Amino acid sequence: MTHYNKLVRDKIPTFIQQEGNQPFVHIASGSELEEALLAKLDEEVREFKESKNPEELVDILEVVYRLAHCQYLTKEELENLRREKEEQKGAFYQGIILERVK
């Protein structure tokens, strides 16, 4: 038996069953869910940094959307906040590296 104790996508237990294995799961909520999402975010960022695979960016985005949901924000509200911050402070399009301030 392999132990994972980590957040997985909703359909993963079904895929495991289809392979003839028995998944043991529980549903996280509240602080357990938020902690699991933060751990998953770290995992997905690490995987993207190692692989540069765009699918890992999709996983990061999915986790960010769920974290926003935990903060009672919709995808649209999150995007509006992103746009507001872009208008106020810019984005990262130019690749500006701040070396120092005198």
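Averaging sequence separations of C-alpha pairs under 8 Å and six or more residues apart, then dividing by the length of the chain, give the relative contact order as a whole percent.
Values: 37 pairs, mean separation 16.7, N = 102.
Relative contact order here is 16 percent.
Pop a pseudo-label 7 angstrom from the Cα along the beta-carbon direction at both THR14 and GLU43 and give the gap in nm to one decimal.
2.0
Using Cα positions and a limit of under 30 Å, work out the lysines in reach of LYS49, with same-chain residues fewer than 8 apart set aside.
LYS49 reaches LYS6, LYS11, LYS40, LYS75, LYS85, LYS89.
Which residues in the range 68-95 place their backbone N less than 16 Å from a point set 7 Å from the Cα of SER29 along the Cα-to-Cβ direction?
So the set is 70-72.
If you average the alpha carbon positions of the range 8-26 and of the range 60-93, how far apart do those two centres end up, in angstrom?
Taking the Cα centre of the range 60-93 as reference, the centre of the range 8-26 is 31 Å away.
Enter the angle in degrees (range 0 to 90, nearest 10) between the Cα long axis of helix 30-51 and the first principal axis of the Cα atoms of the chain, meaning the one along which they spread out most.
It works out to around 70 degrees.
None of the figures in this text is laboratory data; all of them are computed from the coordinates on show. Just so we're clear, the structure is a prediction, and the values are computed from it rather than from any experiment. Ideal geometry is used to build each Cβ from the backbone, glycine not excepted, and the neighbour counts take in all protein chains shown.
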